[in-house]
Amino acid sequence: PHVLVLNGPNLGRLGVREPDVYGSLSLADLASSVDEWTAGTALTAEVRQTDDEAELVGWLHEAVDARADVVLNPAAFTHYSYALRDAAAMVTKGGLRLIEVHISNPYAREEFRHLSVIGPIATGTIAGFGFDSYRLALAALTGPAS
Ligand code: DQA
C-alpha cells in the first residue's frame, strides 16, 4: 500500500524553526527516516510539504482517488481549517485511514493549540514524540485496516 505523508505550513522550515520545540532535524531528514522506516515493509511512503491550504486539500482529494492512506501533520491548520477537515473527512469516510500527527504535544502548549478540528474525523492521533510520531503512525498503517 501507498501512504501519503503530508505536512502543512512552516514544516518546510524544520531544523531552523523553533528547534527547542521541533528539534534540529530538517524535513529532508524526516523524508530519509520515512524511507528507512518503510524499507522492508509492505508500505511505500511519499513525504510532501506545503504552506498552501488549497494544495493540501488537493492532496487529500488525490489520496481518495488513489486509495492511499494518509499521515497528516496539518501544522497550524489543525486548529482552524474546516476546509482541511472536510477534505480529511472524505479520506476516512471513504474507508481509508488518516492519522493525525504532531511533532510537539499541542496539549502541553498554548491554549489555541488545544483544539484540533482534524482530530474528530481522523482514524487516530499521535502527538508529542518528535519525528517518532510519524514512525508510530506508519507502524499503525503497516497492518490491515480493522
Ligand atoms: C505541529 C503543532 C501545531 O500546533 C503547529 O502549528 C505546527 C506543528 C506539530 O507538529 O507539533 O506547525 O503540528
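Each value in this text was obtained by applying a stated rule to the coordinates, not by laboratory testing. Because the structure is a prediction, the values reported are computed rather than measured. Virtual Cβ from ideal backbone geometry, glycine too; neighbours counted across all protein chains shown.
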Whole-Å distance linking the alpha carbon centroid of segment 1-45 with that of segment 114-146 is 14 Å
Using a ≥ b ≥ c from the Cα gyration tensor of segment 1-80 (square roots of the eigenvalues), is it rounded, prolate or oblate, where a/c under 1.5 gives rounded and otherwise the larger of a/b and b/c decides, a/b for prolate? oblate
Distance in nm between label sites at ALA140 and SER32, each 7 Å beyond Cα in the beta-carbon direction? 2.7 nm
Return the long-range amide H neighbours of SER26 (sequence gap of 5 or more, or a different chain), with a cut-off of under 5 Å between placed amide H atoms. none
What are the ³J(HN,Hα) values, in whole Hz, obtained from phi via the Karplus relation 6.51 cos²θ - 1.76 cosθ + 1.60 with θ = phi - 60°, for each residue of segment 130-135 in sequence order, with x given for Gly and Pro? x, 5, 4, 4, 6, 4
Taking trypsin sites (Lys or Arg not before Pro) as candidate sites, keep only those in a DSSP loop with at most 15 other Cβ atoms within 10 Å, then name the longest stretch of the chain containing none of them. 18-66
Under 5 Å from the placed amide H of HIS102, counting only residues 5+ away or on other chains, we find ILE126, ALA127, GLY128
Within segment 89-145, list the GluC sites (Glu not before Pro) lying in a DSSP loop whose Cβ has at most 16 other Cβ atoms in a 10 Å radius. GLU110
